[in-house]
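Worksheet for the structure shown next.
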Amino acid sequence: MTSFPLQISRPIHPTGIWNWITTIDHKKIGILYGVSAFILFIIGGIEAMLMRAQLASSNLKIIDPELYNQLFTMHGTTMIFLAIMPMGAAFFNYLIPLQIGARDVAFPRLNAFSYWTFLAGAIILNASWFLGGAPNAGWFGYAPITGKAYNVGHGIDFWIISLQVLGIASLAAAFNFIVTIINMRAPGMTFSRLPVFTWMSFITAILLVLAFPVITVALIELQFDRFYGTNFFITSAGGNPILWQHLFWVFGHPEVYILILPAMGIVSEILPTFSKKPLFGYPVVILSGIIIGFMGWMVWSHHMFTVGLGPVANSVFALTTMAIAIPTGVKIFNWLGTLWKGSLTLNTPMLYAIGFILTFTIGGISGVMHSQAASDAQQQDTYFIVAHIHYVLFGGSLIAILGGIYYWFPKFTGRMYDEKMGKLGFYAFFIAMQITFFPMHFTGLNGMPRRIYTYGSEYGWDFWNLISTIGVLLLAISMVIFIYNIVSSWIGGEKASGDPWDARTLEWSISSPPPEYNFAVIPTIEYRDDWWEKKMLGKTSEEITSDDVHLPQPSYWPFIASLGLLIAGFGIILSIPVAILGASITMIGVYAWSFEPVNDPH
Amino acid sequence: MSEPNNHSTHEDTTTGLNHRKLLMWAFLGSDCMFFASLIATYLVYKGKSVTGPDPIDLFSIPVTSVSTFVLLMSSMSMVLAYAALTKGSLKGFRVWMLSTAIMGMTFLGFQVFEFRDFTVNEVKISCEENSPKYIELESKLSSKQKSDYKKQCADGIEEAHVEFGMTPRTNLFGTTFFVLTGFHGAHVTLGVIWLLSLFFYSFKRGAVSAERHLDVDLAALYWHFVDIVWIVIFTVVYLFGVYEGF
Ligand SMILES: [Cu+2]
């Protein structure tokens, strides 16, 4: 059937590692995403710990300034692009088809391609450590310090190319989820019945599709300046470094919501389940998500209050930033309303979800403080900002993701985690987080700039810095508890039933872990929280199994196309012939893929 | 459920829309933001070059109008190719498809010619005292070009030929112009490859047919999009670049 000259027989029932390399099952890809992102999260965490060691006290010389610059750049880039975003993608992959009653995503092979391309980007970025030094200009890479004149070596090149490759991965995934959510909903699964997590993922995917091209262009411009001598950010030729800031934050602020909306979705699933109540004000939660997604485009210059854009621009962006806090606040009240008079089960996922509300609110409040342009001028580039970003990303996105891992752990693995250890891990994590990040508000307000590698004792920053460093050690211990719980439960945990939480959404109506085809019969949806309502009405039917569902078959080509991108990525930086080789491999992969039928004829 | 087959007109999806078509629209939305960012960069830097040449020194509106017209006609040809296919005329499809691809290649040819023309551009400046052309260009010429002019005139000729070309490195106009139009050209190139693939594929029995019109429909959608982007570029870069009023 395939008319492509390369006759490689298709992997029909691959085993072992080939099973994973050729898989196009959204659940396996979700697990690949989750495990890879978690490993990268640990790497980013180690980078943070090294920095905290250096800052433990004044005038320390554990790490030299150049390495310190590389550490904070890699820490930020890794956590945002290689840890939190792909952990979100892990949930999208695993859950969206299950929540909408589908057997897979719309484009299963494109989905595999997204994952392998993400991995390629992660490898390219981290390879920079061994190939002349990591990038060192901060995660938002301001011009002109990223320019060739101020930044020789390949660090920034690796940063640019890896972000471009990650952009391809994110865009491919976002297209896929948009089509999946619009087009693959089970009969009756209208947008007004769509689970909140899927809704928030849908908004996230739309933001990704529109925001990523902007940073793609910014990176292309920087790349052309560095590689081919163009003038985009060269001030002597009239270039304006502020253009980089605008392009970066036009992407960067929607990116903030790309990071937080999936977390809000996760929390909106956990709270109703363990409150035994429907989500309070479902339409309002959805609507405020949409408003956040829309207004996220109108606030980017709040990152640039000290640039000197003028009082009018600063006032406008201050006002829009204050306004965007409203839909976020609305959501917080909806979550509180969900808890109100619920019969609460305070198990591990629920603790994480409540912890999310607490810390995210603190982060939101310091965020509103930044919206005052005048006071932001005092806070800009201090540890106060570091405190804020960690309260919203660590105490917001990540805490929800960890809660989500516990909540869906039975579904993902078919086993139960250890509840006692889970709770212990949560309390350790939550307390350690406050010890680490709360003091940064004080050091920041006392004037400590971010990104300095050491400081003098006369500033009086020693005490709170030491507390933060102790907090990081506790955080590491809490993560060890988390990892131990997950790994040991995955191997030998108690077997989980299909619906261990007496939960509400469709993914709980099937066995744990779900069969390869998800649903033997595609369900017909009649209610919001359909599974819950049907349980209440006694309308659930015995689950049936099937061995006659046609699923898309595994394929080598997505992996090969991504492998080509990996090679091409290194090639662009190090050697043009290698780049051509990589691009050719990708071309072959894509061409063969487009001629390969979804299913070979039987 | 899987990637749809395109043998039937009814789509087995929630909305009835085809998966691939929806994907294409999402991609085009994303690509809009891509070009919007490039055009925004161009506009931010318009008139900010430290040295020449400027648009007015290089552009030839009549020439670019011809290539623009060719690209517009290729869209019409694309429509005819699709119409022929849905009416079941494979021969008509091939004729119009090939003509679309050829017009696309013609456009690219013009672009290559234009790029080359810009890089090797020269101006003739008379060597008389206070030559009006020299006064006009003085602020745009680099010190190297000025000394070249003086050196040539010192040899006693009447008119000096001063190199006044533009590459992506010359100035901000060169940087933004070549990157913007270059990425558009890359889009056209990809489109031509796609169109030619469909053209050659149509000689395989049953590979391109009225029932499988979606393959062509998607290529057409992409082709029209690339065309529309060019109209914006032609207006913003070329027309606004030459006519002072804008
Ligand atoms: Cu922001």
Completion exercise
Within segment A:211-238, residues outside any helix (DSSP H, G or I), surrounded by fewer than 24 Cβ atoms within 10 Å (Cβ to Cβ) and at the interface with chain B (Cβ under 7 Å from one of its Cβ atoms) come out as A:229, A:238
Problem - From the options A:38, A:113, residue that is open to solvent by less than 30 Å² (accessible area, probe 1.4 Å) and assigned to a helix (DSSP H, G or I) - result: A:113
Exercise for the section: Would you mind finding the one in A:301, A:315 that is within 15 Å of the ligand (Cβ to nearest atom) and away from every other protein chain (no Cβ under 14 Å)? Expected result: A:301
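What helices (runs of 4 or more DSSP H) completely inside segment B:1-113 contain at least 1 residues that are at the interface with another protein chain (Cβ under 8 Å from one of its Cβ atoms) and open to solvent by 60 Å² or more (accessible area, probe 1.4 Å)? Talk me through it step by step, then tell me what you get.
Values: elements: B:19-44, B:55-58, B:61-86.
Counting at least 1 such residues, we get B:19-44.
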Fill in the blank from the handout: Exception for residue A:381 within (1) touching a residue at least 24 places away in the same chain (Cβ under 8 Å); (2) surrounded by fewer than 18 Cβ atoms within 10 Å (Cβ to Cβ); (3) in contact with an Asp or Glu (Cβ under 9 Å, 6 or more places away or on another chain) falls at (3)
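Let's see how each residue does on (1) within 21 Å of residue A:104 (Cβ to Cβ); (2) basic (Lys, Arg); (3) touching a residue at least 24 places away in the same chain (Cβ under 8 Å):
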{"position": "A:132", "(1), (2), (3)": "no, no, no"}
{"position": "A:139", "(1), (2), (3)": "no, no, yes"}
{"position": "A:148", "(1), (2), (3)": "no, yes, yes"}
{"position": "A:160", "(1), (2), (3)": "no, no, yes"}
{"position": "A:163", "(1), (2), (3)": "no, no, yes"}
{"position": "A:171", "(1), (2), (3)": "yes, no, yes"}
{"position": "A:181", "(1), (2), (3)": "yes, no, yes"}
{"position": "A:198", "(1), (2), (3)": "yes, no, yes"}
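Residue-by-condition table, conditions (1) open to solvent by less than 40 Å² (accessible area, probe 1.4 Å); (2) outside any helix (DSSP H, G or I):
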residue: A:486; (1), (2): yes, no
residue: A:507; (1), (2): yes, no
residue: A:513; (1), (2): no, yes
residue: A:522; (1), (2): no, yes
residue: A:533; (1), (2): no, no
Fill in the blank from the handout: Filtering segment A:239-250 down to residues that are within 18 Å of residue A:137 (Cα to Cα) and part of a helix (DSSP H, G or I) yields A:241, A:242, A:243, A:244, A:245, A:246, A:247, A:248, A:249
Completion exercise
Looking across segment A:557-599 at residues that are in contact with a helix residue (DSSP H, G or I) (Cβ under 6 Å, 6 or more places away or on another chain) and hydroxyl-bearing (Ser, Thr, Tyr), the single one that is most open to solvent (accessible area, probe 1.4 Å) is A:586
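Can you tell me which residue within segment A:318-330, out of those that are polar (S, T, N, Q) and more than 10 Å from the ligand (Cβ to nearest atom), is surrounded by the fewest Cβ atoms within 10 Å (Cβ to Cβ)?
A:320
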Exercise for the section: Answer with yes or no whether residue A:119 is on the phi < 0 side of the Ramachandran plot, out of contact with any His (no Cβ under 9 Å at 6 or more places or on another chain) and away from chain B (no Cβ under 14 Å). Expected result: yes
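Output the residues belonging to segment B:152-194 that are away from chain A (no Cβ under 14 Å) and either surrounded by fewer than 16 Cβ atoms within 10 Å (Cβ to Cβ) or under 17 Å from residue B:238 (Cβ atoms) (or both).
B:154, B:155, B:156, B:157, B:158, B:159, B:161, B:163, B:185, B:188
Does residue A:258 meet the test of being within 16 Å of the ligand (Cβ to nearest atom), surrounded by 22 or more Cβ atoms within 10 Å (Cβ to Cβ), in a helix (DSSP H, G or I) and under 26 Å from the mean Cα position of the chain (by Cα)?
Here the answer is yes, as residue A:258 does meet what is asked.
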Completion exercise
Looking across segment A:265-296 at residues that are in contact with a helix residue (DSSP H, G or I) (Cβ under 6 Å, 6 or more places away or on another chain) and within 16 Å of the ligand (Cβ to nearest atom), the single one that is most open to solvent (accessible area, probe 1.4 Å) is A:291
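The values are calculated or read from the model by the stated rules, or taken from the named source; none is laboratory data. Just so it is clear, the model here is predicted, and its values are computed rather than measured. So basically every Cβ, Gly included, is an ideal-geometry build from the backbone, and we count neighbours across all protein chains shown. For accessibility, only protein heavy atoms count, side chains too; no ligands or nucleic acids. Shrake-Rupley method; radii C 1.70, N 1.55, O 1.52, S 1.80 Å.
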